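To start, the structure itself, in structure tokens.
The values are calculated or read from the model by the stated rules, or taken from the named source; none is laboratory data. Bear in mind that the values here come from a model prediction, so they are computed numbers and not experimental data. Note: ideal-geometry Cβ built from the backbone for every residue, glycine included; neighbour counts use all protein chains shown. Ligands, DNA and RNA are excluded from the accessible area calculation, which covers all protein heavy atoms including side chains. Shrake-Rupley method; radii C 1.70, N 1.55, O 1.52, S 1.80 Å.
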Amino acid sequence: TSVAWRNGKDARNQGQMNLRSRFYPNEEGKQTAEIQLLPSAFTIGEAKWEIKPALITYSDQQLDINHFALTHQDQHLLINGRVSNSDNDSIKLSLSGIDVDYVLNLVNFKSVEFGGKASGDAYLKNPFKQLSAHAQLQVDEFTFEHGEMGTLHANVDWNQEQRRIDIDAVADDGQEAKTLINGYVEPSPGHIDLAIKAEG
């Protein structure tokens, strides 16, 4: 399969994904979908991203992702692991220099503007019944409503009960200038509630 898309007349947002799929009963007789991602590419803004070869397998609420890699120069998103109904299984997402603005545009979050380059690890468990997700991130050149706030260090958790992202973070702009940020963001419908305390 080859899937191509383009955002209207905007050639800056377009791409193509190539994949090869196979459907079969596994050793336990359960229907299985196996998808090989083939080399692909897409463009967001002026940045060209490459999708590297990877293997994704799904069967009976068990998802395996092997070596998914999305790269642009020194930026990358790597995804590996397995999720199922067991809390012992998890998928790890490793980010390096990912533009926060890209991510917010993808999820259509426009309530306020955040910016910067995010790096760190995120873990995802049990998405089929009781989703659990946690991330420890560092955002270099962090901005909030275009205001420069230094380097952000954030603990981020998915709050399944409230359907929101809980944030506990510190923006460090030098030895005597810190901003403490605590609260949550609701991706849909786009609500935000952050307590911000400035120190220096």
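For segment 1-15, the set of residues classified as open to solvent by 80 Å² or more (accessible area, probe 1.4 Å) and either at pLDDT 90 or above or in contact with a His (Cβ under 6 Å, 6 or more places away or on another chain) (or both) consists of T1 only. Consider segment 160-195 and keep the residues that are of a type in the set (G, A, S), part of a strand (DSSP E or B) and surrounded by fewer than 16 Cβ atoms within 10 Å (Cβ to Cβ). The one that is farthest from the chain's Cα centre (by Cα) is A195. The number of residues in segment 131-156 being in contact with an Asp or Glu (Cβ under 9 Å, 6 or more places away or on another chain) and closer than 30 Å to N88 by Cβ comes to 10.
Here I91, I56, I35, I65 are screened, and the one residue that is of a type in the set (A, V, I, L, M), in contact with an Asp or Glu (Cβ under 8 Å, 6 or more places away or on another chain) and at pLDDT 95 or above is I56.
State whether one or more residues within segment 121-129 are hydrophobic (A, V, I, L, M, F, W, C), closer than 24 Å to A47 by Cβ, open to solvent by 40 Å² or more (accessible area, probe 1.4 Å) and in contact with a Ser or Thr (Cβ under 9 Å, 6 or more places away or on another chain). No, there is no match, as no residue in segment 121-129 is hydrophobic (A, V, I, L, M, F, W, C), closer than 24 Å to A47 by Cβ, open to solvent by 40 Å² or more (accessible area, probe 1.4 Å) and in contact with a Ser or Thr (Cβ under 9 Å, 6 or more places away or on another chain). The set of residues in segment 26-52 being under 19 Å from the mean Cα position of the chain (by Cα), among the small types (G, A, S) and not in a strand (DSSP E or B) consists of G45 alone. The number of residues in segment 132-159 that are touching a strand residue (DSSP E or B) at 6+ places or on another chain (Cβ under 6 Å), open to solvent by less than 50 Å² (accessible area, probe 1.4 Å) and on the phi < 0 side of the Ramachandran plot comes to 12. Criterion applied to S111, S132, S96 was being hydroxyl-bearing (S, T, Y) and closer than 24 Å to Q61 by Cβ, and the one residue passing it is S132.
Scanning segment 16-31 for residues that are open to solvent by less than 50 Å² (accessible area, probe 1.4 Å) and modelled with pLDDT of 95 or more yields N18, L19. Checked against the criterion of being among the basic types (K, R) and under 21 Å from V103 (Cβ atoms), the candidates K30, K9, K52 yield just one match: K52. Selection of segment 53-91 for residues being open to solvent by 70 Å² or more (accessible area, probe 1.4 Å), closer than 18 Å to A122 by Cβ, not basic (K, R) and not in a loop (DSSP other than H, G, I, E, B) yields only H67.
None of E34, E50 is open to solvent by less than 80 Å² (accessible area, probe 1.4 Å), among the charged types (D, E, K, R) and in contact (Cβ under 8 Å) with a residue 12 or more places away in the chain except E34. Within segment 94-105, the residues that satisfy the criterion of being under 17 Å from K52 (Cα atoms) and free of Cβ contacts under 8 Å to residues at least 40 places away in the same chain are S94, S96, I98.
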